[in-house]
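The values are calculated or read from the model by the stated rules, or taken from the named source; none is laboratory data. Since this is a predicted model, take the numbers as computed values, not measurements. Note: ideal-geometry Cβ built from the backbone for every residue, glycine included; neighbour counts use all protein chains shown. All accessible areas refer to the heavy atoms of the entire protein, side chains included, with ligands and DNA or RNA removed. Shrake-Rupley method; radii C 1.70, N 1.55, O 1.52, S 1.80 Å.
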Amino acid sequence: MNMNPGFGSWLIGMSLGGGGGLHGMASGMFGMFIVLAATTFGAALIYAVTGFGFAVLAAPLFLLFTDPAPAIQLVIIISTALSIVVLRGLLPAIAPWLLLRLALGSLVGLPLGLVAFRYADPLLVRAAAGAMIFGFAILMAVSRRRSGQSDQGKHSTAFAMSPGLDLAAGAVSGIAGALVGQPGPPVLIYLLLAGTAARTVRATLLAFFALSYGVTLASHAATIGISAPTWLAAGILVPFAFLGGLAGRPIGDRLGAEAFAKLAIALLAMAGVYTLGAAAVALATA
C-alpha cells in the first residue's frame, strides 16, 4: 500500500524545487495540499485544546486522499512531533505512575496491532476506525449526561481506577494505535469514566501520546516500512501542526469542563459518522 502516486510525485518535485513536467499536475495537487495543511492545523489546534483528537480529525481526510497505510503513518509521524511540542507547560500535571502503567500496557498491545495492520483489509480498517470513534462519542455523551444528573453536581464514575485496569486500557490503546493510528480513545474513555480531573487527563494523555506514538513510529519503520513520499508529506505538514498546537495551547488552559465535553462529543460524532460513511461508499463502489 503506497501513497497516492500523483500526490507523492508532487511532494518529491516540491521538495527538490522541481517544475516543468510537474507544472500541470501541481495545480490540482496544490489544492489537495491546502486542504491537508488546513486539516493538519485545525486538528493540531483541537489537540492542544483538549489533549486528544488529532488522529480523530486528521485520519478521515488523510484516508480520503491516500491509502490506509500512508494515511495512518502520516498521523503517527505528525502526532509524535506535535505531542512533544504541546506537552511543555503541562508536565507538573502528569500522573507519573498512571502514565507508566498505560505505557507498559501499550507495549503489550502494540505487536497485536502491528500484525492486524499488516494483514487487515483496508475497508475493514476504515470501518473499524469509524466505529471506534463514533462509539467513543456515544460513551462521552452518556457519561456527561449521567454526570449532569448526579446529586449535588458531583461527577459520576463508572468504576474506580486500578493498576490492572490501567494496564488493560494501555494494551487496548496499543492495539488501536498500531492498527488505526488512534491510541487516544481507549485511554481517554477509561480516564473520563473513572472521573479523573480534566487537567490530569489532558497532561497524562499528551505524555502518553508522545511515548506511544514514538514507539509506534519506530515499530512501523522497522517492521512495515515508511515510504519516502510519506516522510516528505509529514515533513511538509509538521510545521502546520506546530502552528496549530501553539495557537491552541492557551485556549486549552482556559477551557472549562462543560465546553470540553461539548467540543469532544461534537467532533468525535462527526468524525465517526464521516469515516463510517467513507468506508460504506468505498465498499459499495468496490
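Tally the residues that are part of a helix (DSSP H, G or I) and open to solvent by 50 Å² or more (accessible area, probe 1.4 Å), restricting the search to region 195-231.
Residues in region 195-231 being part of a helix (DSSP H, G or I) and open to solvent by 50 Å² or more (accessible area, probe 1.4 Å): 11 in total.
Results for (1) modelled with pLDDT under 85; (2) on the phi < 0 side of the Ramachandran plot; (3) within 16 Å of the chain's Cα centre (by Cα), shown as yes or no for each residue.
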position	(1), (2), (3)
Phe209	yes, yes, yes
Thr216	yes, yes, yes
Ala222	no, yes, no
Gly235	no, yes, no
Phe240	no, yes, yes
Leu246	no, yes, no
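Over 14 Å from Ala169 (Cα atoms) and in a helix (DSSP H, G or I): does that describe Ala137?
Criteria met by Ala137.
Among the residues of region 73-121, what is the count of those that are under 14 Å from Ala218 (Cα atoms), at pLDDT below 85 and open to solvent by 80 Å² or more (accessible area, probe 1.4 Å)?
0
Any residue that is buried (at least 22 other Cβ atoms within 10 Å of the Cβ) and either aliphatic (A, V, I, L, M) or at pLDDT below 85 (or both) - is there at least one of those in region 145-161?
Checking region 145-161: not a single residue is buried (at least 22 other Cβ atoms within 10 Å of the Cβ) and either aliphatic (A, V, I, L, M) or at pLDDT below 85 (or both).
Which of the residues spanning region 253-278 are crowded, with 19+ Cβ neighbours inside 10 Å and modelled with pLDDT of 75 or more?
Residues satisfying the conditions are Gly272, Leu276.
For every residue, the table says whether it meets (1) out of contact with any Phe, Trp or Tyr (no Cβ under 7 Å at 6 or more places or on another chain); (2) within 24 Å of Ala37 (Cβ to Cβ).
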{"residue": "Gly184", "(1), (2)": "no, yes"}
{"residue": "Thr196", "(1), (2)": "yes, no"}
{"residue": "Ala203", "(1), (2)": "yes, no"}
{"residue": "Gly225", "(1), (2)": "yes, no"}
{"residue": "Leu232", "(1), (2)": "yes, yes"}
{"residue": "Gly235", "(1), (2)": "yes, yes"}
